[in-house]
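Working notes for the structure below.
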Protein chains: 2
Amino acid sequence: MARSKGITIRDVAKRAGVSVAAVSMALNGTGTLSAATRLRVRAVAEEMDYQADALARGLRRSSVGAIGLVMRSLDSLGEYAPRGVDVFTRYIGAISAQAMDRGLSVMLVPDPTKRPTPPLALSLDGYIVMMPHLDDPVVALLERRGIPYATLARDPGRPDFTDWATEDEATYFGRVYEHFIANGARSIVLLRGTDPNAWNIDSEATYRAWCESTGMTPRVYKSAERAGESGGETVAHTIVDDGIPDAILCHTGRQAAGVLVGLTARGVAVPDRTMLAAASDSEHTRHSRPAISAVELHAAETTLALLDLLQARIAGEPSAGPVLTTARFRVRASSRRTH
Amino acid sequence: MARSKGITIRDVAKRAGVSVAAVSMALNGTGTLSAATRLRVRAVAEEMDYQADALARGLRRSSVGAIGLVMRSLDSLGEYAPRGVDVFTRYIGAISAQAMDRGLSVMLVPDPTKRPTPPLALSLDGYIVMMPHLDDPVVALLERRGIPYATLARDPGRPDFTDWATEDEATYFGRVYEHFIANGARSIVLLRGTDPNAWNIDSEATYRAWCESTGMTPRVYKSAERAGESGGETVAHTIVDDGIPDAILCHTGRQAAGVLVGLTARGVAVPDRTMLAAASDSEHTRHSRPAISAVELHAAETTLALLDLLQARIAGEPSAGPVLTTARFRVRASSRRTH
DNA sequence: ATGAAAGCGCTAACAC
DNA sequence: GTGTTAGCGCTTTCAT
């Protein structure tokens, strides 16, 4: 339970022969201290291996130097073994590494709305919410409590909110369609997920707009994110029954891998009869046979922007968002045709 | 910066017409309050949506309700995009989910020894350290500060330390060897990693002891964890040059996948000429052609034990460790021979 | 059974 | 330039 505390600011003050205020000022670079005292105090503190208690400091400053990370879409996977969804684990890694570089700690908060509220949840300096859902309760909570936050991808329910960053989906989706067309596709199917997040909503809108402008008849299928590969496989059969298209674009690598299995089972050759691509890369796209063309998301670039946005919000600066980062479409065998 | 705080215990006290002490007692179930007051205060607190400030509470109790998670071997990968090392990401997920169930938050702490020390690092209630290295500086820091911790796998430098849990490596390694033998293997090679952790040290010892008892000549190869697939591929060539064995057991799925590539390049058929298996499962083992036999680690079971051990340590109870959990060897095409 | 008050370790006014 | 002191919000004796 209660652990014995270590060295306090008083110990350092006593040893350095100054007041606690002097120590505080010396270590924080605040106030008006003589350079000599400042240096001496710092030396003593260093020597004693003194570390200011984060709780006491946080209580005074109302700022703990830690942010929360809510893995929205990870929760929705139901289980915590997100096989193949390495997109999100890469975001976790990128964010924690970058946050540490800035002297921020990262706290994993699966769901701060769940009672009882996790202890530190409401004391964190800010939050990064991954892929907020429509009417996301976490966002509502943060908003209600006045806690700063930034989101990965826009909040579909709040068009005015600008503290978000994401890969420029409209651009790279367009690139995929053009790639399909350039390889002779006349009909393209979109397979999206069911979570009510920007990713699903916006890409369908992009697709429909694109169909509109090219005169193509839109065909949109849905499969729940958590259904993973088997969901994709099931949909593949439906797609074949409805009429084999020239190309299929799936949201996740898992779905694409499942679709590939389904198509193959029905004797539909990929890429010869139908081309296939995924809008997010994963082990599945890389290791399928044939390997599946996919959009490579650059997590590090996006999370860097998210941290910038969040820190600006915490500092009370005006929003510089939204930020759109670039992603690269990597063509693999599943959509490579040799005319 | 400093965020305006929410409702405090004083607000609740005022509204309920009692003292702050009464509120504290009512909400914590401590002291000697009349049932009536207790209930009334709780109702008021509930109604006001009051949440005790974790920082102030932590300052008094010297306990914040949060634990740290140090991904030792993940750091050693150098970059934070652990492709194929889904073992660790699964541990992250399992631990954070289980910790939340117990009302604990999980803080990701890449390296608490790195200066400047991350703010809350020294204020956390305890730590779970994944795969500590020999003379691990993180363990040394925790030890020095008197912070409770439990480790995934034993600390190779501290035989007396018992607060650890791991999959029962000796048992399942034996099972793999027996499987190889049963399928006609006369010579078996072990490919391990280079990190000085229990995983590498103990499995080599198990292997050598097993060779000793069966009269087989031990052949141990090493490849740095961070070298991943290409490391395995390189080693495969060396192994072939040294003489093709009947079976190869690799530590990681990435290494095994690389070895498979290397063997195939040299015309060594798997599993016909040489069988292959990995001691930890990953996307690589599942998606390679042929799929690679692998030991499936049950992260959830092990992390549950780790949390129990840690909480016992935090509560000052005697250690109930070490805990050995079971793992299952899943035979796939890479070691399945049809006689 | 309840309230008043003393701190937990720190920062920031405010004196000197 | 430096020290004294009043809290941050909470828990916990100790009176009453």
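Listing for the model above:
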| quantity | calculated |
| --- | --- |
| Cα centroid separation, the range A:118-188 to the range B:119-134 (Å) | 32 Å |
| Kirkwood-based shape ratio for the range A:138-191, expressed as Rg/Rh from alpha carbons | 1.23 |
| Distant-in-sequence amide H partners of residue B:275 (H built 1.01 Å from N, under 5 Å) | B:247, B:248 |
| Within the range A:124-149, backbone nitrogen closer than 15 Å to the virtual label 7 Å beyond the Cα of residue B:7 toward Cβ | A:144-146 |
| Potential lengthening between residue A:102 and residue A:178 on full extension [0.36 nm per residue; Cα-Cα distance subtracted] | 23.3 nm |
| Residue B:234-residue B:162 FRET efficiency (beta carbon distance; Förster radius 35 Å; 0.05 resolution) | 0.35 |
| Kirkwood hydrodynamic radius of chain B, Cα pairs, Å | 22.6 Å |
| Sequence-distant residues sharing a close amide H with residue A:64 (under 5 Å, placed H) | A:125 |
| Spatial separation of Cα centroids for the range B:272-314 and the range A:278-292, in angstrom | 23 Å |
| Of the trypsin sites (Lys or Arg not before Pro) in the range A:253-304, those whose Cβ has at most 14 other Cβ within 10 Å and which sit in DSSP loop | A:266, A:273 |
| Size of charge dipole - the range A:1-50 - debye, nearest 20, with Cβ of Lys, Arg +1 and Asp, Glu -1, no other charges | 140 debye |
| Neighbouring partner chain Cβ atoms per residue of A:90-100, average, 10 Å criterion | 5 |
| Gain on full stretching of the segment that runs from residue A:331 to residue A:319 - 0.36 nm per residue minus C-alpha separation | 0.7 nm |
| Estimated FRET transfer efficiency (residue B:19, residue A:144; beta-carbon r; R0 25 Å; 0.05) | 0.30 |
| Expected 222 nm ellipticity per residue - DSSP helices of 4 or more, -39500 (n - 2.57), all of chain A, to 500 | -13500 deg cm²/dmol |
| In Å, descending, principal axis extents of the Cα set of the range B:212-316 | 57, 35, 24 |
| Among A:33, A:69, A:141, residue whose mean-square fluctuation peaks in a GNM of chain A (springs only between Cα atoms under 10 Å) | A:33 |
| Kirkwood-based Rg to Rh ratio, the protein assembly as shown, C-alpha trace | 1.01 |
| Relative contact order for chain A, counting Cα pairs under 8 Å that sit 6 or more residues apart, in percent | 16 percent |
| Nm distances between copies for residue A:159, ranked from closest, using label points 7 Å along Cα→Cβ | 7.1 |
| Cβ-Cβ FRET estimate between residue B:205 and residue B:264, R0 fixed at 30 Å, reported to 0.05 | 0.45 |
| Rg over Rh [alpha-carbon atoms, Kirkwood Rh] for the range B:83-158 | 0.96 |
| Accessible surface ranking that places the most exposed of A:288, A:24 first, with a 1.4 angstrom probe | A:24, A:288 |
| Residues in the range B:273-296 reached by a label modelled at residue B:171 [backbone nitrogen below 14 Å; 7 Å Cα→Cβ] | B:296 |
| Other-chain or far-sequence residues with amide H under 5 Å of residue A:149's (modelled H) | A:127 |
| With eigenvalues of the C-alpha gyration tensor scaled by 5 and rooted, the range A:1-50, Å | 21, 11, 9 |
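The values are calculated or read from the model by the stated rules, or taken from the named source; none is laboratory data. It should be emphasised that the depicted structure is a prediction, and the values quoted were computed from it without experimental measurement. Here the Cβ is made from the backbone with ideal geometry for all residues, glycine too, and neighbour counts use every protein chain on show. The area values use the complete protein model at the heavy-atom level, side chains included, leaving out ligands, DNA and RNA. Shrake-Rupley method; radii C 1.70, N 1.55, O 1.52, S 1.80 Å.
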